[in-house]
Amino acid sequence: MDQPAFVWSGGAVAAVAGHARHSAAELAVGRGAACLRRRGECVKSARAARLVCRAQSEFSAASVLGEQYLRAMREKAASEAEKRAGTAAEVAAAASERDHEEETLGLLEWSLICSHVARFANTDAAKRYIRAGLPMSDTQQNAELLMRETHDLMELEGKWGKSVSSLKGCAEQFGMLIDRAKKGGMLEGTELVAIAQTLGIARKLRRVILDIHEGVLDDDEGAEPESSAQIADRLAGISSRTASAFSAGKATNEAHGASADPAGALPLLYSILNELDCHAEKETLIYKSIDDYGTVRDSASVKLHEVRRQQNSVSASIKSALDEIIFKKSECLQDRIITQRYDRFVIPVKAGSKSAIRGTVHDASSSGATLFIEPREIEPLNTRLKVLARKERELVEQVLIELSAKLGEADIAADLRAIDAALFRIDVAAARARYSAYMGGVEPIFSSAPTGVDAAVAQGADAPVYSVDLRNLRHPILLWQAVEAAKMATPGVGSANRSSKSEAMKVAKQSVVPASYRLSDTVRCAVITGPNTGGKTVALKNLGAAVLMSKSGLFVLADADASGTTTASSTRSSVELSELRPTLPFFDCVLADIGDDQSIVQSLSTFSGHVQRMKRVLKRATPQSLVLLDEVGSGTDPTEGSALGIAILQHLVSNVRVRLTMATTHHGELKTLKYNDPTGAFENASAEFDDEAMRPTYRLVWGIPGRSNALAIASRLGLPDAITDRAKSILQGGAGSVDVNDVIKALERQQIDQELEVTRMRTLAEELEVLKQEAETIKQQVQLQEIQFRAEKAAVIEREVAKAKREVSEIMKRVQDESNSRMAGAARQQLDKMNREIILEYSSSSDTEEMDDGAGTTDRAPRKGDFVLIPRLGETSNAVEVVEDVNQKGELMVLVGGSMRTKVKAKDCVLKERAATATRRLKRERREQKGRTNASSTRSSSATTSSSPVMMQTSANTVDVRGQTVDEAVGEIDACLGRAMQMGSLYIIHGHGTGKLRAGIHQYLKRMQSSVVNTFEYADQVQGGTGCTIVTLK
């Protein structure tokens, strides 16, 4: 027979085998007994014997089958045991690796950094997630993705001013609510409102991101928050558009490919939120059914609306009946109020008046003096009200179940989970961005793939390629503590006081000594030496923390190099860099042996603890790892420890080929690794020591080894001088060591001088830039002042012209009243005088830069040989020569008419150059004014007060031709033109009539426009309107 596949357990197979044996025996005995009973034969009959034989054969077959099952199960169990043993070993190895990585994170105090970051998250879920430890990227692509998330969120809240603090309103345990709805569970009203709020937050955030990306940002900040009813009404018209727009957008994205990189702003946030379906119709449905407090609205169901209407009606009837009872039997009541007991309306009745009010006692006060009685009159109504309440609960639950079912649909639930994941991702990224901005972090780049300007610089023939370039890097924990201390010491630091926060950060950065790391691409190991308490261990932790921050998407706390120009090569032009970002490689893991790991429980000494850690480091290290070793080779004999330290570092560089190892030590032999290695894989660094102050400066100096300065440190820490002096005398026996320390000291001094010179040059460059900016600012201020001065001067002139126009109007009125041509001539003389005064005042206030002879030649007093104008005497066009200088009386002798000498006041004279400048200005302004006013005669006259004729009507320039023929009127107009030329205008009164006379006169005036007539037009209504024509003469 065919054997089945061996898929049963050993116990099941044994049970089958036993059952087979038992069944065979039972079958044999049963058949034998039945045969004996039927036939009454003896046990030795032939048939019974055959039945027994058959039972025995079946029993043997069952036994063989059971043994085969058991054998197969034993083999399978052994195989599974071997696999489990192998898997257990792998699990143990993986657990060991995780333990060592967690140990490294503990040594670098990563949990404390994460707790600082968590303070900037919006939701509790994100805070818990970050406190548990920000995840580390396993690839450079993932690290760059996290960095772009941080960059986009920083740009969103910084450049665009759009905060994501609204995420605080997201539903707690949003995913669990959706899972419950998906499984058919009912969500409470408050939970549904929380889901709707989350959908609204996602929808608004998506709209903002899309608007920014597409360049159509609509800033609606500052608007009043919407109620749920307003949101429901506004969303009613959105839901139908959302589905179609989402489908179209999704189809477009699929057509262009999912990997297409958006070209607009915030590309990563756009890619996260673009394809989200925020289901505005579900948000609308929830808000239409449930109010802000989680109560189901009456409008959610027709039946619910009817039940609640009946409830209100019954409640009103109950209260009306109770009010009547209270009014009639107020003396029996403890208080005139209506209350409830067990969802039934009752009134408080005095215990002694119980019989006065018939009804049911539902409760009593603690003293027994008050009984809460339900009057018999309202018992049916109370019962009806309870029935309605139960029905209302059923209808409310029905509404909640229907809403929950709609949210639990497979497609909807998947979209809602995607929304939850996207908002959580954005919240975590926002915490990283806010922390980075708060701490003044700078976005780093990974040196393994330089791009853009950095690649151009890196490819230069003469420029070194730096795999690590972190300038003025500060440890995040030290800087955080310094910032908090500065905030406590700085008054007025609040959420809105950015200047105080900036000042606190400035103070904090000054108090934390930074360390710079610049390592070329060939360096694989850096050995840091120097005094105790000099900051060597902090230098290791500082770099380790920066690497962890870059792997988790945080900006590093280094400075961006804004030095300006970097030369790529001798054959290329200088590349102007606005900013050189911090650079470091991508490390797949950070392995550290920092501190003392001795343990009495584990029987570990200092040396054995270091050895155990070193074993784990060597086992886990890869060519892309960062290894940090503190006091390598310590804890044992110095000679053997030095040899062991050299062997470990050389093994990591040559055999494991670790990307970078940084080690601190006091062993002098490790300082020589740089000079004995021709490949340039080793580099020296030292913790600087101030010989004058006899204390460390905590600065990291690259290129030279450091001195331990143990005796100076011990003396500063208070060790007796007798001991330190004795140690110095012993040390002087090794002259070679002293000589080496002197050489190192000289190198340190030389490097410090070079750094001071570089700093001085940078300071000078910064000062020059500041001076340049100040000069530009002063230039702009001078130009602005000049514009203001010209505007003020123009305003003054305009006021003077307006004043002159008022005086002209007064003169015109007097002339018209007196109708005297002699008065018109006097008025003309007065206007000329005003004209000369304006020219004189204008020319005296003109700017010297427009004068012909330049500055310094027109502001002086006139002297012999100069040509001047005398506006007071009417000499505004012909210059006269000064023949004698100013005398003691302030008078000048001028030559008038070529032969006549006369004395004039020097103050009444204007140099010809200054007057020419003023005249040019007046002419220019008249031309501009004329162009702006479409040659309007009235405005033209106000803009050219100095030369235009004054329009005023007198008897000398007025002719009345009414009742005459055209020829007669023309003859009289010709006769009047002579005396009207002096007035500059002629008023012709021709009346209205049939219009023939007016037309003939106008034809005559058109012919005269080529000779004496300038323009003609009808008079104002007060001067006759179309019955009078005013002619302007040339």
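The values are calculated or read from the model by the stated rules, or taken from the named source; none is laboratory data. Because the structure is predicted, anything quoted here is derived from the model rather than measured. Positions of Cβ are generated from backbone atoms using ideal geometry, with glycine treated the same way; all protein chains shown enter the neighbour counts.
Let me confirm something: among K319, K303, K329, which residue is charged (D, E, K, R), surrounded by 13 or more Cβ atoms within 10 Å (Cβ to Cβ), in contact (Cβ under 8 Å) with a residue 12 or more places away in the chain and touching a Lys or Arg at 6+ places or on another chain (Cβ under 9 Å)? Lay out the reasoning, then the answer.
On the way: K319 fails: touching a Lys or Arg at 6+ places or on another chain (Cβ under 9 Å); K329 fails: touching a Lys or Arg at 6+ places or on another chain (Cβ under 9 Å).
Just one listed residue meets the conditions, K303.
Against the definition (touching a strand residue (DSSP E or B) at 6+ places or on another chain (Cβ under 8 Å) and either crowded, with 18+ Cβ neighbours inside 10 Å or at pLDDT 85 or above (or both)), how does A539 come out, yes or no?
So A539 passes the test.
Quick one: would you say G368 is out of contact with any Asp or Glu (no Cβ under 6 Å at 6 or more places or on another chain) and in a loop (DSSP other than H, G, I, E, B)? Reasoning before the result, please.
Values: out of contact with any Asp or Glu (no Cβ under 6 Å at 6 or more places or on another chain): yes; in a loop (DSSP other than H, G, I, E, B): yes.
When the stated conditions are applied, G368 passes them.
If you take the residues in the range 954-980 that are of a type in the set (V, I, T) and outside any helix (DSSP H, G or I), which one is modelled with the lowest pLDDT? Please lay out each step first, then the result.
Let us first name the residues in the range 954-980 that are of a type in the set (V, I, T), namely 954, 958-959, 961, 965-966, 970, 973.
Restricting the remaining residues to those that are outside any helix (DSSP H, G or I) gives 954, 958-959, 961, 965.
Numbers: T954: 75, T958: 87, V959: 89, V961: 89, T965: 89.
Here the answer is T954.
Considering only residues that are assigned to a helix (DSSP H, G or I) and either within 60 Å of the chain's Cα centre (by Cα) or not charged (D, E, K, R) (or both), which ones fall in the range 981-1008? Talk me through it step by step, then tell me what you get.
Within the range 981-1008, the subset assigned to a helix (DSSP H, G or I) is 981-983, 996-1008.
The answer is M981, Q982, M983, L997, A999, G1000, I1001, H1002, Q1003, Y1004, L1005, M1008.
Taking the residues in the range 519-536 that are among the β-branched types (V, I, T) and touching a Gly at 6+ places or on another chain (Cβ under 8 Å) as candidates, determine which candidate is farthest from E109 (Cα to Cα). Quick ask: steps written out before the conclusion?
Residues of the range 519-536 among the β-branched types (V, I, T): 522-523, 527-529, 533.
Then drop every residue that is not touching a Gly at 6+ places or on another chain (Cβ under 8 Å), which leaves 522-523, 528-529.
Numbers: T522: 30, V523: 27, I528: 21, T529: 23 Å.
By that ranking, first place goes to T522.
I want to confirm something. Restricting to the range 287-344 and keeping residues that are among the acidic types (D, E), more than 19 Å from R393 (Cα to Cα) and part of a helix (DSSP H, G or I), which single residue is modelled with the lowest pLDDT?
Filtering the range 287-344 for residues that are among the acidic types (D, E), more than 19 Å from R393 (Cα to Cα) and part of a helix (DSSP H, G or I), the one modelled with the lowest pLDDT comes out as E331.
Quick check on the range 334-345. Is at least one of its residues surrounded by 16 or more Cβ atoms within 10 Å (Cβ to Cβ) and closer than 11 Å to P375 by Cα?
The answer is yes, given that some residue of the range 334-345 is surrounded by 16 or more Cβ atoms within 10 Å (Cβ to Cβ) and closer than 11 Å to P375 by Cα.
Could you tell me whether any residue of the range 91-98 is touching a Lys or Arg at 6+ places or on another chain (Cβ under 8 Å), touching a residue at least 24 places away in the same chain (Cβ under 8 Å) and not assigned by TED's automatic domain parsing to the domain that holds I286? Can you show your working first?
Step one: of the range 91-98, the residues touching a Lys or Arg at 6+ places or on another chain (Cβ under 8 Å) are 96-97.
Imposing the further condition that a residue be touching a residue at least 24 places away in the same chain (Cβ under 8 Å) reduces the set to 96-97.
Going one step further and asking which of them are not assigned by TED's automatic domain parsing to the domain that holds I286, we end up with 96-97.
Yes: the range 91-98 contains one or more residues that are touching a Lys or Arg at 6+ places or on another chain (Cβ under 8 Å), touching a residue at least 24 places away in the same chain (Cβ under 8 Å) and not assigned by TED's automatic domain parsing to the domain that holds I286.
If I filter the range 627-647 down to residues being of a type in the set (A, V, I, L, M, F, W, C) and out of contact with any Gly (no Cβ under 7 Å at 6 or more places or on another chain), which single residue comes out as surrounded by the fewest Cβ atoms within 10 Å (Cβ to Cβ)?
Applying the first criterion (of a type in the set (A, V, I, L, M, F, W, C)) to the range 627-647 yields 627-629, 632, 643-644, 646-647.
With out of contact with any Gly (no Cβ under 7 Å at 6 or more places or on another chain) added as a condition, the list becomes 627, 629, 643, 646-647.
Details: V627: 29, L629: 26, A643: 14, I646: 20, A647: 11.
Restricting to residues being of a type in the set (A, V, I, L, M, F, W, C) and out of contact with any Gly (no Cβ under 7 Å at 6 or more places or on another chain), the top hit is A647.
Looking for something in contact (Cβ under 8 Å) with a residue 24 or more places away in the chain and β-branched (V, I, T) - is there at least one such residue anywhere in the range 632-644?
Here is the first cut: in the range 632-644, the ones in contact (Cβ under 8 Å) with a residue 24 or more places away in the chain are 632-636, 638, 641-643.
The next check asks that each one be β-branched (V, I, T); those that pass are 632, 636.
So far as the range 632-644 goes, yes, one or more of its residues are in contact (Cβ under 8 Å) with a residue 24 or more places away in the chain and β-branched (V, I, T).
List the pairs whose first member sits in the range 410-434 and is within 15 Å of A121 (Cα to Cα), whose second member is in a helix (DSSP H, G or I) and charged (D, E, K, R), and whose Cβ atoms are under 6 Å apart, counting only residues at least 6 apart or on separate chains?
Close Cβ pairs satisfying both conditions: A429/E149.
Does the range 557-564 include one or more residues that are touching a helix residue (DSSP H, G or I) at 6+ places or on another chain (Cβ under 9 Å) and modelled with pLDDT of 90 or more?
yes
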